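Below is one structure; the comments refer to it alone.
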Amino acid sequence: PDGLSQRQLEEDILRLCSKGQDKLDKRVDPRVEIVHLKPSTKEFPLAWSRQGGSQHSADKRRRMLFLHGGSYTVYSPKDAVYMSLCSRLALACEVCVLSVDYRMAPEHLFPAAYEDSAAALRWVAAHGPTGQTPASDLFVCGDSAGGGLALAVCLEPPVDLRRVLRGVVALSPWADLSASTPSYETRAWNSARCFGDAVNAGVDRKAGREEAEVYLGRGGAAIHGKDWRASPFFASAPQLRQMPSALFQVGDYELILDESVLLCKRMRKAGHRDASCSVYPRMWHCFHEYAEGGGTGRPLRAAIHAVRDIGVWVKDRFAPANGKSLRKRPAGATVVGHGAAKSGVSPNSERGGIPLQDALAGVS
């Protein structure tokens, strides 16, 4: 049965990840046009690349800013894995995706990446694929460190952007650079059980803080670790309440699982009306980038479904043609119960889960 073959595939990829032998996606969807933009010395100092749907003729006023991951130190929009992911996002969401470079550590320390990302958000709100045209629907998306940046730039966006900023999509976001959450212990890689975050095998809380200090600077985890620009996990209740619609997608096996689950809980407690967290069974950090099977040659169904889920979520939040205000809706993706996940138990369904309020019941 396909369910059993997918379970074996997941285990095979986890084993490859734990040995550093996994391969990230590299195929670009041929239905999506990619255009590289020249660096600008006036509005934004670094290189940009844009993904825009061609066959589906995406409305050029509907845009997504994508912020790549890489611990604030590596990767760029031109890397194959991000060209692949952004092409799939453009197609699934029917938007034009602008994937940007930002200054990286150790040459450029905090808050350089945040400042560049905030500048990029202002730019993409005013510039479309054909030139200076205001956006009608604007989303921000990012993975890992980029997921943290995506959340951060949506905490205090310029007032004039708020009317078009429809949502933020955080993929396995690194949202707490102080490494304070329990999943650093509960999701540590266990080879004997093939359980936990194999991508971050051997990483513990101390190592997480050391990694953060490459960006935050020496001693930065203590000095800046709770600054919302570095760690949106610690944003205030008023900041969280005024954020646009938010979708978190995270793997059940991730070392930083709790950063998404607990932050989503805080948003709802603060009065946010459209925040949801989808936890995917047996998935690892940034599993979205393993749709091609991590080097096994077999497609990973969860990664494919996750991007499709994003597309449904995004399109459900486009501004209506009649100009009326958006109706806040719960996201359609499902969530694995956090309490069950602690013991390694997941629902039988490949994508099944329980409602978010139940998933959070055992989380303090």
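If the segment from Ser5 to Thr130 were pulled out straight at 0.36 nm per residue, it would be longer than the present Cα-Cα gap by 40.5 nm.
Which shape class applies to region 139-179: rounded if a/c is under 1.5, otherwise prolate when a/b exceeds b/c and oblate if not, where a ≥ b ≥ c are the square roots of the Cα gyration tensor eigenvalues? The shape class here is oblate. For each pair in Lys226/Lys269; Lys19/Lys226; Lys23/Lys315, compute the distance between the two Cα atoms and list the pairs where it is over 21 Å. Correct reply: Lys19/Lys226; Lys23/Lys315.
If you take the square roots of the eigenvalues of the alpha-carbon gyration tensor of region 153-256 and sort them as a ≥ b ≥ c, do you get rounded (a/c under 1.5), prolate (a/b over b/c) or oblate? Working shown, then result.
On the way: a/c = 2.95, a/b = 1.57, b/c = 1.88.
Because a/c hits 1.5 or more and a/b fails to exceed b/c, region 153-256 counts as oblate.
Pop the C-beta distance of Ala237 and Ala192 into the FRET formula with R0 = 51 Å and round what comes out to the nearest 0.05.
Details: r = 42 Å, r/R0 = 0.82.
Taking R0 as 51 Å, the efficiency between Ala237 and Ala192 is 0.75.
Report the full-extension gain for the segment Arg27 to Thr73: residue separation times 0.36 nm, less the Cα-Cα distance, to one decimal in nm. Please list the in-between numbers first.
On the way: separation 46, 0.36 × 46 = 16.56 nm, distance 2.35 nm.
That works out to 14.2 nm of additional length.
Model label points for Arg162 and Ala222, set 7 angstrom from Cα along the Cα-to-Cβ axis, are 3.7 nm apart. Phi-derived couplings, Karplus 6.51 cos²θ - 1.76 cosθ + 1.60 at θ = phi - 60°, listed residue by residue for region 230-241: 9, 10, x, 3, 9, 4, 6, 4, x, 5, 5, 5 Hz, with x used for Gly and Pro. Per-residue accessible area (protein heavy atoms, 1.4 Å probe) orders Arg308, Arg166 as Arg308, Arg166, starting from the largest. The gain in end-to-end length when the Glu94 to Lys38 segment is fully stretched comes to 17.8 nm, 0.36 nm per residue minus the alpha carbon separation.
With the Cα gyration tensor of region 114-182 giving a ≥ b ≥ c as the square roots of its eigenvalues, does the rule (a/c under 1.5 for rounded; else a/b larger than b/c for prolate; else oblate) give rounded, prolate or oblate? Prolate.
The values are calculated or read from the model by the stated rules, or taken from the named source; none is laboratory data. These numbers come from a predicted model, not from an experiment. Heads up, the Cβs are rebuilt from the backbone with ideal geometry, glycines too, and the neighbour counts pull from every protein chain shown. The protein model used for the area step is the full one, side chains on, heavy atoms only, and it has no ligands, DNA or RNA in it. Shrake-Rupley method; radii C 1.70, N 1.55, O 1.52, S 1.80 Å.
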